[in-house]
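Got a structure for you, questions after.
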Amino acid sequence: MTLPPVTRFAPSPTGFLHLGHVVSALHARASAGQGGRFLVRIEDIDTARCTSAFTAALGEDLQWLGLWSQEPVRQQSRHLAEYTHVLTELRNRELLYPCFCTRAEIAAASTSYAPDGSIVYPGTCFRDGRSISGRVPVWRLNMQRALNELQEVPSWYEVGQGRISGRADEFGDVVLARRDTGVSYHLCVTHDDAQQGVTCVTRGRDLYDATSIHRVLQCLMKWPEPHYRHHALIKDEGGRKLSKRNGVEGIRTLRAAGWTAEQVLAHPLVLRALAES
Ligand code: GLU
């Protein structure tokens, strides 16, 4: 017997809810189907960019749209001790090391790029056992050691496509604990998906490549493997990427202009993005 799916919509409260969010939330809710559960999670570990006012506004707008969580909302900033616990375990297993390099030092020393376009860390601090007093380190995953332990580069299951080969080996030593927050997106998202029993991670295609890293963490921590469904991102009439910066419509603006929730859910850009899936 297969269990009903559990899916989530996991916005970061760095601004107001917009049509791109609506597309993501609708995709996630559709993944839950009739018998499944749709959760909302607030990913607010980046305290410099996330605010409680945006968190409250996201909640209000999602409720107005009828896209609210079927379980109490998990807010990442309230669970920092759990993430620290995972970091401690990985550190004890000698899978993490402190890195004191600045961005400029890394950019100057590295010549390769990861599948997501980020710079691959050249491994300086690990190789040289570097420690610089007065600088707070980030903590990096020793990817080679992790993959040796797993004896594979983990793949994932993409709904509608089947198994996708992972590319974690091309990412190098990714940061799992940032200098400013002490945690990271990769760490918190995988921890929470496991903790909340998410069976189908539904999110935008911009996070497709990050899945390779997420699978490594799941395998290292023996967390269950969810399925993934990466959906098309919302685009403007000309097919260009729509973002907060180039005018993606805010739900509050539409509400103020007299749109009903039903009309917002059937906005032409939303329907087009959903059809593209
Ligand atoms: N919080 C992330 C964002 O707003 C989404 C994370 C995820 O779905 O894995 O882009």
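The values are calculated or read from the model by the stated rules, or taken from the named source; none is laboratory data. Everything quoted here is computed from the prediction, not taken from an experiment. Here the Cβ is made from the backbone with ideal geometry for all residues, glycine too, and neighbour counts use every protein chain on show. SASA here: full protein model, heavy atoms, side chains in, ligands and nucleic acids out. Shrake-Rupley method; radii C 1.70, N 1.55, O 1.52, S 1.80 Å.
Of everything in region 36-73 that's in contact with a helix residue (DSSP H, G or I) (Cβ under 8 Å, 6 or more places away or on another chain) and more than 28 Å from A266 (Cβ to Cβ), which residue is modelled with the lowest pLDDT?
If we take residues in region 36-73 being in contact with a helix residue (DSSP H, G or I) (Cβ under 8 Å, 6 or more places away or on another chain) and more than 28 Å from A266 (Cβ to Cβ), then T47 is modelled with the lowest pLDDT.
Yes/no matrix, rows are residues, columns are (1) open to solvent by 70 Å² or more (accessible area, probe 1.4 Å); (2) of a type in the set (S, T, Y):
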| site | (1), (2) |
| --- | --- |
| A10 | no, no |
| L19 | no, no |
| A25 | no, no |
| A32 | no, no |
| S52 | yes, yes |
| G59 | no, no |
| Y83 | no, yes |
| E94 | yes, no |
| A114 | no, no |
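Now for a separate question. Just one of A266, A273 is of a type outside the set (S, T, N, Q) and either over 21 Å from the mean Cα position of the chain (by Cα) or surrounded by fewer than 21 Cβ atoms within 10 Å (Cβ to Cβ) (or both); which is it?
From the options A266, A273, the qualifying one is A266.
Only residues that are in contact with a His (Cβ under 7 Å, 6 or more places away or on another chain) and within 19 Å of E94 (Cα to Cα): list them for region 176-225, please.
L176, H186, I213, H214, L217
Yes or no: region 129-149 includes at least one residue that is open to solvent by 70 Å² or more (accessible area, probe 1.4 Å), part of a loop (DSSP other than H, G, I, E, B) and within 16 Å of M221 (Cα to Cα).
So far as region 129-149 goes, no, none of its residues is open to solvent by 70 Å² or more (accessible area, probe 1.4 Å), part of a loop (DSSP other than H, G, I, E, B) and within 16 Å of M221 (Cα to Cα).
For the condition in contact with a Pro (Cβ under 6 Å, 6 or more places away or on another chain) and either among the aromatic types (F, W, Y) or outside any helix (DSSP H, G or I) (or both), what is the one hit in G166, G182?
Of the residues listed, the single one that is in contact with a Pro (Cβ under 6 Å, 6 or more places away or on another chain) and either among the aromatic types (F, W, Y) or outside any helix (DSSP H, G or I) (or both) is G166.
Moving to a separate point now. Select from region 200-213 the residues that are assigned to a helix (DSSP H, G or I) and more than 8 Å from the ligand (Cβ to nearest atom) and write down the one among them that is nearest to the chain's Cα centre (by Cα).
T211
Here is a follow-up. Taking the condition of a type in the set (S, T, Y), farther than 24 Å from Q161 by Cα and free of Cβ contacts under 8 Å to residues at least 40 places away in the same chain, does T260 pass?
yes
If I filter region 199-218 for residues that are surrounded by fewer than 17 Cβ atoms within 10 Å (Cβ to Cβ), among the hydrophobic types (A, V, I, L, M, F, W, C) and farther than 30 Å from L80 by Cα, do I get at least one hit?
no
To continue, here is another question. Please go through region 16-40 and pick out each residue that is out of contact with any Pro (no Cβ under 6 Å at 6 or more places or on another chain), within 10 Å of the ligand (Cβ to nearest atom) and within 18 Å of V73 (Cα to Cα).
The answer is S24, A28.
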